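The structure appears right after this line, and notes come after that.
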Amino acid sequence: LPRGARGRCETHLIVTVSVALCTFNGEAHLAGQLASILAQHTLPDEVVISDDGSTDGTLAVISTWSEKADAAGIATRVLTRETPVGVTANFASAIAACRCDVVVLCDQDDLWHRGRVSVAVDAFNADPALLLQHGDARLVDAGGDPLGTTLFAALGVTADDRAAINAGRGFARYLRRNLATGATLAFRRTLFDTAAPLPAEWVHDEWLAIVAAATGAVAVTDEVLIDYRQHDSNQIGVAAATLAYRVKRMLGSPVDRNHLLARRAAILAARLPQIAGVTAATATSARNKARFEESRAALPQLRVARIPGILQAARGGAYVRFASQGRLDMVRDLFGRRAAR
């Protein structure tokens, strides 16, 4: 048996599991997250921790925990740097160092439910074609108290979204907007080799999810896998997707949002044809998305002058197929602030 496999014969483990955990000044909540890893029904084989230049007691917490992990048969490696590189690059570093079949992503401030690893193991053992899986989470506040809702509810991830993904039609959904939150992600280590290098313009979870959907099978589970902590120090968080919030967000979007979306879409359209397994139809969809986002980025400063371009895209169905909020994004494009270029 591999390291960490003690007591796991009853799970019929075939795949080995790495945890990729990224930290940055996470002393306040890290001990709880690490303890929840040791409390798993199925222990991982290794934990790779990449620290992004913490200046608090994060590394001391990791050092203390590493002794417990070693006693439990879990191999632990810690990567450190003095100058922070940001979330995406830090996760890329951690994932690249993982050596097992499946990588389970881990944030520093959450709490894993005891079946977090088992759910992933069962899914990947059951389907050799599965590249990536993600699931739901319970939202909790800074103190760990439930906020009364879940990640999927807050993000508006619908039953139709989940059914489409599980039926192999996920690429179109991820092309509109990201539905996969990194703290709930598990994927085959080979997916990272396919998706690397991770573009700086993309967050690691959405890039991995859309590449997986473009090249193979993706699964989404309704199971609540973690307690997803929401607090002022979140580098990435969520908010309830009420209509009022969506309108406020659209009208208050950063002035360069459309230019960023255009750059991201262009990167995807350029990269996908270079990846084995991407169909011509998938590559064409990515190119059409890139053209749509470029047209949005080119809308003029004068609001009334934007109307013809918005209506042209709407008549062709581009807002429905490619905009994160569908036709509501027409409102954002008409009334939102524009970056001077």
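The values are calculated or read from the model by the stated rules, or taken from the named source; none is laboratory data. Here the structure is a predicted model, which means the values were calculated and not measured. In this analysis, Cβ positions are derived from the backbone assuming ideal geometry, glycine residues included, and neighbour counts consider all displayed protein chains. Ligands, DNA and RNA are stripped out before the accessible areas are found, and what is left, the full protein with its side chains, is counted by its heavy atoms. Shrake-Rupley method; radii C 1.70, N 1.55, O 1.52, S 1.80 Å.
Quick one: which residues, 5+ away or cross-chain, put their amide H under 5 Å from the amide H of T23? H built at 1.01 Å from N.
S50, D51, D52
Between L260 and R77, what FRET efficiency follows from the Cβ-Cβ distance if R0 is 51 Å, with the result rounded to 0.05?
Computed FRET efficiency for L260 and R77 comes out at 0.90.
Between D145 and H41, take the C-beta separation as r, use R0 = 30 Å, and let me know the FRET efficiency to the nearest 0.05.
Efficiency, rounded to the nearest 0.05: 0.75.
Can you show me the helix-derived [θ] at 222 nm for the chain, built from DSSP H runs with n ≥ 4 at -39,500 (n - 2.57) apiece and divided by the number of residues, rounded to the nearest 500.
Result for the chain, helices only: -13500 deg cm²/dmol.
Post the alpha-carbon centroid distance, the stretch 274-331 to the stretch 19-52, in whole angstrom.
The stretch 274-331 and the stretch 19-52 have Cα centres separated by 40 Å.
Hey, can you grab everything whose amide H is under 5 Å from the amide H of V47? Only 5+ residues off in sequence or another chain; H modelled, so Pro and N-termini drop out.
Residues meeting the amide H criterion: V19, A75, T76, R77.
Please state the relative contact order of the chain as a whole percent: Cα pairs under 8 Å, 6+ residues apart?
Relative contact order comes out at 17 percent.
Length gain on complete extension for the stretch Q274 to N166, per 0.36 nm per residue less the alpha carbon to alpha carbon distance?
Difference between extended and current length: 36.4 nm.
Rounded to a whole number, what % of the accessible area of the stretch 42-151 do carbon and sulfur atoms account for, probe 1.4 Å?
53
If a/c stays under 1.5 just call it rounded; otherwise compare a/b with b/c (prolate if a/b is bigger, oblate if not). Do that for the chain, with a ≥ b ≥ c from the square roots of the Cα gyration tensor eigenvalues.
prolate
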